[in-house]
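Data first, discussion second: the structure below is written as structure tokens.
Every number in this text was worked out from the coordinates using simple rules, so none of it is lab data. The structure displayed is predicted, hence computed values, not measured ones. Reconstructed Cβ throughout: ideal geometry from the backbone, glycine too, with neighbour counts over all protein chains shown.
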Amino acid sequence: MNGEQHPPVRRWFWAGVLLTLVKLWLVRGQAIYAIGPADHDDRLFLQLAEHLIHGDWLGPYNQLTLAKGPFYSCWIAFVYVLGLPLFFAQHLLYAGAGALFVRACRPAIASGAARFAMYALLLCNPMSFDASSMGRVLRQQVYGPLAVMLFAALIAFYLRRAQPLRRLLPWAALLGLAFAGFWLTREESIWIVPSLLLLAGTSLVSAWRPPTKISCAWPAPSGSPGSAGRCRCSP
């Protein structure tokens, strides 16, 4: 049975890879707006990243050093060290966040076609290539993917709450890293806390609640009284 199920799943996986490559090819032509006088936005992030690349941390302290969260500048410096184009790396990050979200939902969505449709919907979200904001060097480039990864980790915890701890460690690492990056990206990140508490609380309560056991009596011979058997639930 498993051998019959795996080929369709692999086909949907490679369909997702192909769709990702098509998306990356299409956004190669995305217009990039360089606004030199943007001292509080585009230019600030690049200047802080330049200081990081040269080992000067965030550079000389002034009124703009901590005006914006430092994570996006750290991301720019990281991508520079990797030798990747900035916008290409940001689209890769968004695609990876979408893939992690779909992977997190796998226990609840068995259909490979349904998971592919979910991934396609996330990947082709117009927000990810909107010229007015995503065509500039702004924090929105990583803010969305980090939020998607946060929810992916929490959903994975809930859907896998009965699994051994070692199976949850990668999701725990994702949760910690994504939350740290998200919190250090924008100043109003408090808005996500209620959703995080709801998902985290649900996962914790479900994990600590003893599993329900269903015991059924052996069915009686067909045609005799009580042939349907009897079942009872116990904590």
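General remarks:
- Cβ-defined net charge surrounding Leu154, 14 Å radius [Lys, Arg +1; Asp, Glu -1]: +3
- Reducing the stretch 119-134 and the stretch 1-74 to their Cα centroids gives an inter-centroid distance of 13 Å.
- Segment Ala180-Leu121, length gained on full extension (0.36 nm per residue, minus Cα span): 18.6 nm
- In sequence order, calculated HN-Hα J values of the stretch 129-135 (Karplus, 6.51, -1.76, 1.60; Hz; x Gly/Pro): 9, 5, 5, 5, 10, 7, x
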